[in-house]
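Below: one structure, written as structure tokens.
The values are calculated or read from the model by the stated rules, or taken from the named source; none is laboratory data. Owing to the predicted nature of the structure, the values given are computational and were not obtained by experimental measurement. Cβ placement follows ideal geometry from the backbone for every residue including glycine, while neighbour counts extend to all protein chains displayed.
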């Protein structure tokens, strides 16, 4: 089996996507952070000392998607056309969903996964003073599509 991100000597390489056509590409990812009920109440009431946890997390996720190529060594620098990060309070924590879209020659799944991960880490950072039992998990790609232009 040949891996696309290694050369003939087994060294890491960036894939050449120049032969591929531009397509509309979209990816969606989700993740979850488990929180104590008291922490969820503080988030719901916007009473966390660091501010509006959910809004800050959503903005952090958008920013992270745009900078994925700087964080993941073999990712291409993509011109993203849309990044949407949404948070939702659930019974035992907060669910984060990210949708990323571009017109390009390679997919945006890493950008969606990075958006979710950084949004979750932002929630963790903003709540760490009051909740030492937080747990981040279930980060996964749920959809990846490409359409010809």
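Quick notes
- Checking residue 87 against (1) in contact with a strand residue (DSSP E or B) (Cβ under 7 Å, 6 or more places away or on another chain); (2) within 29 Å of residue 14 (Cβ to Cβ); (3) surrounded by 16 or more Cβ atoms within 10 Å (Cβ to Cβ), the condition it does not meet: (2)
- Exactly one residue out of 41, 18 is surrounded by fewer than 13 Cβ atoms within 10 Å (Cβ to Cβ), modelled with pLDDT of 95 or more and out of contact with any strand residue (DSSP E or B) (no Cβ under 7 Å at 6 or more places or on another chain), and it is 41.
Yes/no matrix, rows are residues, columns are (1) farther than 16 Å from residue 142 by Cβ; (2) touching a helix residue (DSSP H, G or I) at 6+ places or on another chain (Cβ under 6 Å); (3) without any contact (Cβ under 8 Å) to a residue 60 or more places away in the chain:
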{"residue": "72", "(1), (2), (3)": "yes, yes, yes"}
{"residue": "75", "(1), (2), (3)": "yes, yes, yes"}
{"residue": "78", "(1), (2), (3)": "yes, no, yes"}
{"residue": "86", "(1), (2), (3)": "no, no, yes"}
{"residue": "99", "(1), (2), (3)": "no, no, no"}
{"residue": "103", "(1), (2), (3)": "yes, no, no"}
{"residue": "106", "(1), (2), (3)": "yes, no, no"}
{"residue": "109", "(1), (2), (3)": "no, no, no"}
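- Residue 114 fulfils the conditions (1) more than 14 Å from the chain's Cα centre (by Cα); (2) at pLDDT 95 or above except for a single criterion, (1).
- Reported count of residues in segment 48-65, each being without any contact (Cβ under 8 Å) to a residue 40 or more places away in the chain and either touching a helix residue (DSSP H, G or I) at 6+ places or on another chain (Cβ under 8 Å) or buried (at least 19 other Cβ atoms within 10 Å of the Cβ) (or both), is 0.
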